[in-house]
Amino acid sequence: MFDRVIVVDWSAANLPTSPTNRANAVWIGCHDAEGGAEWHHRTRASAEGQLVNLIDTARASGQRLLIGFDFAMGYPTGFAARLTGEASARAVWRWLAAAITDIDNRNNRFEVATRINAAFPEGPGPFWSHPTGQSWPGLPFRRAGIDYAALGLSETRAAEAAVPRAKSPWMLFNPGSVGSQSLLGLPMIHRLSQRPDVAVWPFAAPDAPVILAEVYPSLLAGPVAILANSHGLTADQAQVRLLSRSLFRLAQADRLAPLLEAPPEAAEEGWILGAHHAPLLAEALTWP
């Protein structure tokens, strides 16, 4: 049982986002017994600051909190050991927390991706894609030519196989990509996971007072499109509103347990909360 559910739509913006055009901002949505609310942030640091406050507030009041983030929390099996020497997603978070710089959204993610690619002499890859007009030697512009089998890696995780619309975490740029959000979000996951009473599922059992998890808001693509179009919301705001509401209702109905089941690969790769359960997530939105 969770007293509040929070869903975060992360952003890989390179500059503070516009105060008026909020489509590429970080959106935080929450739902609890009193209803729902959403906030947007122009920088990732500002969003992380609010999340810390929400965690501290929940712990001070004895509440249980579930926070979902819309980026991959792990990489295909074998990557962690090649990068860090440990077959552990936590080791990757720690490595990225030391490597990534991110000040007022100005960040070095493409430089870090190039550095990681250089650790795979079988190359090119595994990371690929960057903005048109930029040049990052060792970071391919297109997926073509990357031989993941030669790298000893898979192109996708088991989670992407379960949710085919989800993109590979190796893809850093272009519509639908999540790779940049992961590179810039996992250092935050490392920091939050160091706080007392915080656990990250499925890398730890979901029994701590505060649980962090990976989510995929497009599991509710239909309801999100309807809400965004009918109320003039950005898709990001509609996503965090509806997914936080759905997960909270499932928690209150004691029907969240099936969503917290994950295959063995998830111990290293991570897993999407709600994979295989899109109909149930949509059904919960119809409950009073």
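For every residue, the table says whether it meets (1) modelled with pLDDT of 95 or more; (2) of a type outside the set (S, T, N, Q).
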residue	(1), (2)
Leu139	yes, yes
Gly152	yes, yes
Ala159	yes, yes
Pro164	no, yes
Pro169	yes, yes
Gly176	no, yes
Ser182	yes, no
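The helices (runs of 4 or more DSSP H) falling completely within the range 215-288 that include 3 or more residues that are within 17 Å of Gly36 (Cβ to Cβ) and in contact with a strand residue (DSSP E or B) (Cβ under 6 Å, 6 or more places away or on another chain) map to 235-252. The combined condition, being in contact (Cβ under 8 Å) with a residue 12 or more places away in the chain, part of a loop (DSSP other than H, G, I, E, B) and of a type outside the set (Asp, Glu), is not fulfilled by His190.
For the range 85-108, filtered to residues that are assigned to a helix (DSSP H, G or I) and open to solvent by 10 Å² or more (accessible area, probe 1.4 Å), the residue that is farthest from Arg44 (Cα to Cα) is Arg90.
Do the conditions hold for Trp201, that is, is it crowded, with 18+ Cβ neighbours inside 10 Å, under 22 Å from Ala118 (Cα atoms), in contact with a Phe, Trp or Tyr (Cβ under 9 Å, 6 or more places away or on another chain) and of a type outside the set (Gly, Ala, Ser)? Judged against the criteria, Trp201 is not a match. Within the range 4-45, the residues that satisfy the criterion of being among the small types (Gly, Ala, Ser), modelled with pLDDT of 95 or more and farther than 16 Å from Gln181 by Cβ are Gly29, Ala33, Gly35, Gly36, Ala37. Taking the criterion of being assigned to a helix (DSSP H, G or I), open to solvent by less than 30 Å² (accessible area, probe 1.4 Å) and touching an Asp or Glu at 6+ places or on another chain (Cβ under 9 Å), would at least one residue in the range 120-142 satisfy it? The answer is no; no qualifying residue exists.
Looking across the range 204-214 at every residue that is small (Gly, Ala, Ser) and assigned to a loop (DSSP other than H, G, I, E, B), the one that is most open to solvent (accessible area, probe 1.4 Å) is identified as Ala205.
Sort through Leu243, Leu260 and tell me the only one that's surrounded by 23 or more Cβ atoms within 10 Å (Cβ to Cβ), aliphatic (A, V, I, L, M) and under 20 Å from the mean Cα position of the chain (by Cα). Matching residue, one of Leu243, Leu260: Leu243. Could you grab me the full set of residues in the range 215-240 that are of a type in the set (Ser, Thr, Tyr) and open to solvent by 60 Å² or more (accessible area, probe 1.4 Å)? Hit for the range 215-240 is Ser230, nothing else.
Put simply, of Ala58, Ala47 the only residue that is surrounded by 16 or more Cβ atoms within 10 Å (Cβ to Cβ), more than 20 Å from the chain's Cα centre (by Cα) and in a helix (DSSP H, G or I) is Ala58.
The values are calculated or read from the model by the stated rules, or taken from the named source; none is laboratory data. No experiment lies behind these values; they were computed from the predicted model shown. Using ideal geometry, Cβ is built from the backbone for each residue, glycine included, and neighbour counts are taken over all protein chains shown. These area figures cover heavy atoms from the full protein model, side chains too; ligands, DNA and RNA do not enter into them. Shrake-Rupley method; radii C 1.70, N 1.55, O 1.52, S 1.80 Å.
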